[in-house]
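The values are calculated or read from the model by the stated rules, or taken from the named source; none is laboratory data. Computed from a predicted model, the values in this text were never measured in an experiment. For neighbour counting, all protein chains shown are included, and Cβ atoms are generated from backbone atoms with ideal geometry for every residue, glycine included. What goes into the accessible areas is simple: the full protein's heavy atoms, side chains included, and nothing from ligands, DNA or RNA. Shrake-Rupley method; radii C 1.70, N 1.55, O 1.52, S 1.80 Å.
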Number of protein chains: 2
Amino acid sequence: MTSNGEGGEVVAKRRRKGIKELVQVALRGGCLAASATAMAVMLTATEEGVADIYGFKLTLSSNWSFSPSYQYVVGACAGTVLYSLLQLCLGVYRLVTGSPITPSRFQAWLCFTSDQLFCYLMMSAGSAGSGVTNLNKTGIRHTPLPDFCKTLSSFCNHVALSLLLVFLSFIFLASSSFFTVLVLSTP
Amino acid sequence: MTSNGEGGEVVAKRRRKGIKELVQVALRGGCLAASATAMAVMLTATEEGVADIYGFKLTLSSNWSFSPSYQYVVGACAGTVLYSLLQLCLGVYRLVTGSPITPSRFQAWLCFTSDQLFCYLMMSAGSAGSGVTNLNKTGIRHTPLPDFCKTLSSFCNHVALSLLLVFLSFIFLASSSFFTVLVLSTP
């Protein structure tokens with residue numbers, strides 16, 4: 001007959017583990033929502049306008065697909081949506097069936113490595129997109145070129161919101177990968 | 001008197017540990033060299049030229065400091081140079097004095113977290129720089145703007161080499177952080 005103290009300890013330990021696993025699954029859901037929204041917002045970033053350069057009327061029509069960096073953002077988001085959907089389904093299934101979220105050390109390593117790859121992917125896409133967005137805003141200083149965003153403000157706002165959500169998904173992924181190292185480092 | 005088998009096992013284990021620590025210190029050295037060179041190459045990226053747009057002679061003078069993304073690359077490299085210099089000195093000192101490279105689990109966590117931060121920083125800087133560089137090469141498709149790199153080829157080559165080295169330093173950092181998780185996950 002285990003003494004009350006020990007029983008209490010086991011219950012507390014199990015509750016802590018349950019909360020930790022719930023948080024891990026919630027991070028996957030958050031990542032799915034943020035990356036799917038980021039992709040939808042970027043896919044709807046399109047606008048036409050007229051810019052004025054030294055009296056020349058320059059028609060500007062902008063669309064996310066014009067810039068390789070924005071294409072990169074859409075591609076990275078699509079990959080992350082699929083990845084976090086897979087992780088979310090796995091996590092919910094394991095929660096429901098009561099099996100551990102990371103059943104073996106090999107799976108923990110697999111999870112850590114894939115989380116890291118998608119982390120780098122999203123950070124990279126968000127940064128490439130920000131680099132180009134910044135250029136849209138400040139114009140190019142080699143030559144006196146216009147600040148596109150004055151003319152195409154809706155387009156630039158769409159892009160800015162999308163990039164914000166990309167970095168949010170990155171934070172969800174980085175937290176997941178940190179959790180996995182926690183699992184790996186507990187003997 | 002420990003049996004020969006056991007002695008041999010201890011010696012092999014110590015040798016493996018020694019090699020692992022040597023590799024960790026070598027990764028720090030590699031990262032220092034790559035990020036310092038990346039910074040030097042970017043700092044020397046400057047050129048003047050004349051581009052021809054519909055018969056208009058447009059003087060182009062380009063310098064890394066014109067683009068916020070390239071400034072970001074220089075800043076990130078400077079931070080990484082200092083960080084890897086610190087880690088390298090610590091590593092060499094511990095190797096020479098025979099103490100372990102990561103003396104405690106707390107230091108392993110500290111190392112993992114800081115490696116990750118610099119990893120994200122370098123991936124982010126490299127991507128932002130690549131986004132803008134790509135724009136220099138392909139021109140902007142909103143309006144028929146020139147491909148700067150035809151005129152400023154030396155500048156673009158400098159930038160490309162620098163970005164390549166930034167991603168190389170990123171790989172060194174990611175490997176170091178992977179090593180630290182290895183240390184954390186061994187009981």
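Side notes on the structure shown:
- Residue with peak Gaussian network fluctuation, chain B [Cα springs, cutoff 10 Å], from B:Val11, B:Val81, B:Val41: B:Val11
- R0 of 35 Å, Cβ-Cβ distance A:Ala40-B:Ala26: FRET efficiency to nearest 0.05: 0.20
- The residues of chain A expose, per residue, 50 Å² of accessible area to a 1.4 Å probe.
- In order along the stretch A:42-49, phi translates into HN-Hα couplings of 5, 5, 9, 8, 8, 7, 10, x Hz, rounded to whole numbers, per the Karplus curve 6.51 cos²θ - 1.76 cosθ + 1.60 with θ = phi - 60° and x for Gly and Pro.
- Cα-based helix-to-principal-axis angle, B:105-138 vs chain B, degrees rounded to 10: 20 degrees
- Per-residue ellipticity at 222 nm from helix content only, as computed over chain A with -39500 (n - 2.57) for each DSSP H run of at least four residues, stands at -27000 deg cm²/dmol.
- Long-range amide H partners of B:Leu60 with built H, under 5 Å: B:Gly49, B:Val50, B:Ala51
- Check: chain A dipole with +1 on Lys, Arg Cβ and -1 on Asp, Glu Cβ, in debye: 540 debye
- Near-label residues of the stretch B:165-187 by backbone N, under 20 Å of a point 7 Å along Cα→Cβ of B:Glu9: B:186-187
- Taking the protein assembly as shown as a whole, the Cys residues whose C-beta sits 4.7 Å or farther from every other Cys C-beta are A:Cys31, A:Cys77, A:Cys89, A:Cys111, A:Cys119, B:Cys31, B:Cys77, B:Cys89, B:Cys111, B:Cys119.
- For the protein assembly as shown, diffusion coefficient by Stokes-Einstein and Kirkwood Rh (Cα), 37 °C, 0.692 mPa s, µm²/s: 140 µm²/s
- For A:Val23, inter-copy separations between label points set 7 Å beyond Cα along the Cβ vector come to 3.2 nm, shortest first.
- Interface between chains B and A: roughly 3400 Å² of accessible area buried, both sides summed (probe 1.4 Å, protein heavy atoms only).
- Cα gyration tensor category, rounded, prolate or oblate, for the stretch A:14-96 with a/c compared to 1.5: prolate
- Chain A, Rg to Rh (Cα coordinates; Rh as Kirkwood inverse mean 1/r): 1.19
- For B:Phe178, solvent-accessible area (1.4 Å; no DNA, RNA or ligand), Å²: 80 Å²
- Exposure check, 1.4 Å probe, all protein chains in place: B:Glu9 carries approximately 100 Å² of accessible surface.
- For the stretch B:8-185, the relative contact order works out to 36 percent when only alpha carbon pairs closer than 8 Å and six or more residues apart are counted.
- Under 26 Å from the Cα of A:Lys57 - lysines, other chains or at least 8 residues apart: A:Lys137, A:Lys150, B:Lys57, B:Lys137
- Residues whose placed amide H lies under 5 Å from that of A:Ala45, excluding near-sequence neighbours: A:Trp64
- Between this copy and the others, label points of B:Ala40 are 5.1 nm apart in ascending order, each placed 7 angstrom from Cα in the Cβ direction.
- Fraction of accessible area attributable to carbon and sulfur, the protein assembly as shown (%, probe 1.4 Å): 70 percent
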